[in-house]
Amino acid sequence: MRRQKIGTTIQTARIKKGLSCAELAEKCNVTRFMIYHWESAKYVLPKNFGSISAALKIPLRTLEAVNQPPKKASSSVAAGKRRKWKLATFIAFHRQRRGLSRAELGKRLSPSLGRIQIGNLETGTTPRLLNKYIPSLAKLLDVSKGEIEALNPKAY
């Protein structure tokens with residue numbers, strides 16, 4: 001049910017902007033088939049919200065709101081996983097807003113970080129950001145340190 005809502009939201013926004021699936025795909029750096037999947041609600045992951053939001057110029061919160069799972073009894077594990085996805089979409093959105101590639105952001109944070117590690121953060125594969133990178137990341141993305149700390153899941 002919630003997946004259909006996100007697909008409809010993406011399709012409506014794309015049509016309002018006058019974009020074809022191919023044009024949106026190019027802006028999101030994915031294939032047009034991925035756009036079809038998103039709009040038919042077959043496949044939507046929060047990691048894609050940053051590029052969708054930037055391409056369609058709709059708030060990231062709008063996409064997060066229509067893709068929220070039904071409310072359940074919250075456990076610390078579930079809460080940590082929700083924060084993980086919010087951190088992932090937050091980093092992806094603000095990195096793209098600043099015009100940085102994953103590789104550029106990784107190198108500016110630390111010589112030992114690369115596009116793979118930033119990609120893992122943005123896809124939620126790496127569940128949390130190490131505290132030593134938070135001040136630098138906040139400065140690079142032009143956001144407050146507190147915003148990142150609030151989204152950064154505790155060890156779970």
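The values are calculated or read from the model by the stated rules, or taken from the named source; none is laboratory data. Not measured: the values here are computed from a predicted model. Backbone-built Cβ (ideal geometry, glycine too); neighbour counts: all protein chains shown.
A few points about this structure:
- Cβ-Cβ distances below 8 Å connect the following pairs, each with a first residue in region 89-105 that is touching a residue at least 40 places away in the same chain (Cβ under 8 Å), a second residue that is of a type in the set (S, T, N, Q) and part of a helix (DSSP H, G or I), and a separation of six or more residues or different chains: Ala92/Ser51; Phe93/Ser53; Gln96/Ser51.
- Where helices (runs of 4 or more DSSP H) fall wholly inside region 1-79, the ranges with 2 or more residues that are at pLDDT below 75 and not aromatic (Phe, Trp, Tyr) are 2-16.
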